[in-house]
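K.L.:
Before anything else, here's the structure in question.
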Amino acid sequence: MPSYRSLLSHREFAGLYVSFTLLVAASTLSGFALATLINAQTGSPFLTAVSMYGATFATVIGALTLMSVADGRRPRRTLVVLQGVSLLGVAAQAVPGLPLAIRFLLLLVVGFFQSLGTGTRLGLLAEVIPAESYALARSLMNITSGGMAILGYAVGAVLLRVLDPTGVLLVATALIGVGLVVVAATVREHSIRLTPRPGLRQTWSTNVVLLSSPGRRAVLLNLWVPNGLIVGCAALFVSYVPEQAGIPLAAGSAGMLLGDLTVGRLLTGEQRRRAAFGLRLLLAAPYLLFVFEPPIAVTAAAVFVASAGYAATLPLQEQLLELTPDAVRGQVQGVESAGRMTWQGIGAAIAGGLAQLLPTAVTITLLAAISLGITVLSRPFVVRAREGGRLVR
């Protein structure tokens with residue numbers, strides 16, 4: 001059975017993994033520093049929040065326009081170029097006195113190119129490791145992403161005590177630069193792809209085919225919407241328990257990491273497939289307790305248990321990969337990742353809007369109930385998709 005150690009002994013995977021880890025750390029640091037800078041400059045909670053998470057909305061633009069570059073003939077070169085653009089974008093944020101409009105434009109540009117980089121990286125990942133190791137690799141990357149985000153905010157808070165936000169942005173730039181060098185030094189060029197010239201037309205053509213099947217749409221729906229709605233629940237923790245919000249947030253991170261570790265490392269592919277539906281139910285069901293406004297200890301336990309359900313993305317991603325021919329793996333996985341990130345932003349926006357009209361506990365319960373309903377109603381289509389054919393060009 002493959003293990004994390006065996007994966008990391010693979011030179012190309014190790015290179016992709018290290019560069020990914022450095023990019024997550026850099027993104028966390030740069031987002032934290034930029035939010036601190038804009039908060040000090042404007043005092044606006046809205047602009048501060050957008051500066052931290054606004055780049056996720058640019059990912060859907062990448063998915064709809066140029067994601068086909070993820071399946072170009074020279075994916076290694078593409079990844080190096082895209083990471084270079086991210087480096088320049090973050091470095092530009094370190095320029096003192098930059099107008100706010102330019103800062104937000106740079107934020108969107110970096111988010112756009114990072115979404116293309118994600119598709120390219122995931123396409124390469126599916127090529128450099130055996131298919132039976134794919135879920136384990138994604139599990140390791142998910143765990144690392146969550147862990148580096150937590151660590152990044154902690155390190156960012158420490159750095160801001162000794163550096164100004166511009167200095168932290170320069171640290172983030174350096175991390176991206178190191179990651180770029182690692183990719184260039186460890187990943188070889190995979191030039192076996194026979195796809196047409198990437199561009200807007202090719203992106204739209206593949207996206208239309210991708211979304212033409214009810215089964216594939218159901219898989220994507222399950223990857224995007226239930227997850228996004230529960231992220232919306234978590235976005236309300238500060239409003240729900242202002243003085244103790246860190247407790248359920250930390251519990252959620254711990255549960256997510258444990259779920260990814262267990263499902264990715266301990267379960268076989270068949271066991272993951274059988275567990276997918278139950279995990280998606282688990283993701284939402286504990287949040288129904290919020291209607292009773294339980295004590296903080298019960299709240300934290302419920303969030304911890306529920307967050308293990310995020311691991312349902314692993315078998316669903318495997319299923320999507322099975323439905324995807326090699327030639328468009330990068331674009332399809334890039335679309336999946338971009339849609340999931342975008343729905344997390346949408347979920348937070350929906351939650352915030354509803355909480356303006358309803359009590360916070362009721363809003364959390366309502367979002368969880370909707371998440372459960374979507375999971376249950378779409379299950380027959382997800383099951384049917386396993387029996388369908390592969391995505392064709």
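K.L.:
Give me the compactness ratio for the stretch 211-388, meaning the Cα radius of gyration over 2.2 N^0.38 Å. If you can, show how the numbers build up before the last one.
P.N.:
Values: Rg = 16.2 Å, N = 178, 2.2 N^0.38 = 15.8 Å.
Normalised by 2.2 N^0.38 Å, the Cα Rg of the stretch 211-388 equals 1.03.
K.L.:
Now for a separate question. Using the Karplus curve 6.51 cos²θ - 1.76 cosθ + 1.60 with θ = phi - 60°, what ³J(HN,Hα) values do you get for each residue of the stretch 161-166, in whole Hz, with x for Gly and Pro?
P.N.:
Coupling constants for the stretch 161-166: 7, 10, 10, 7, x, 4 Hz.
K.L.:
Let me spell out the model: positive unit charges on the Cβ of Lys and Arg, negative unit charges on the Cβ of Asp and Glu, origin at the Cα centre of the stretch 211-388. What dipole size does that give, in debye rounded to 20?
P.N.:
In debye, rounded to 20, the stretch 211-388 gives about 440.
K.L.:
While we're on this one: Going by average Cβ neighbours within 10 Å, how do the peptides 354-364, 167-177 rank, with the highest at the top?
P.N.:
Peptide ranking by packing, descending: 167-177, 354-364.
K.L.:
Additional query: Can you list the HN-Hα couplings for the stretch 377-383, worked out from phi with the Karplus curve (6.51, -1.76, 1.60; θ = phi - 60°), rounded to whole Hz and with x for Gly and Pro?
P.N.:
Values, residue by residue: 5, 8, 4, x, 6, 5, 4 Hz.
K.L.:
For a distance above 17 Å, tell me the whole-number percent of Cα pairs in the stretch 227-315 that qualify. Display every interim value, and only then the final one.
P.N.:
Values: 1753 of 3916 pairs.
Everything past 17 Å amounts to 45 percent.
K.L.:
Through the Karplus equation 6.51 cos²θ - 1.76 cosθ + 1.60, θ set to phi - 60°, convert the phi angles of the stretch 344-360 into ³J(HN,Hα) values in whole Hz; use x for Gly and Pro.
P.N.:
For the stretch 344-360, the Karplus curve yields 5, x, 5, x, 5, 5, 4, 4, x, x, 5, 5, 6, 10, 10, x, 4 Hz.
None of the figures in this text is laboratory data; all of them are computed from the coordinates on show. None of the values given here were measured: they were computed from a predicted structure. Virtual Cβ from ideal backbone geometry, glycine too; neighbours counted across all protein chains shown.
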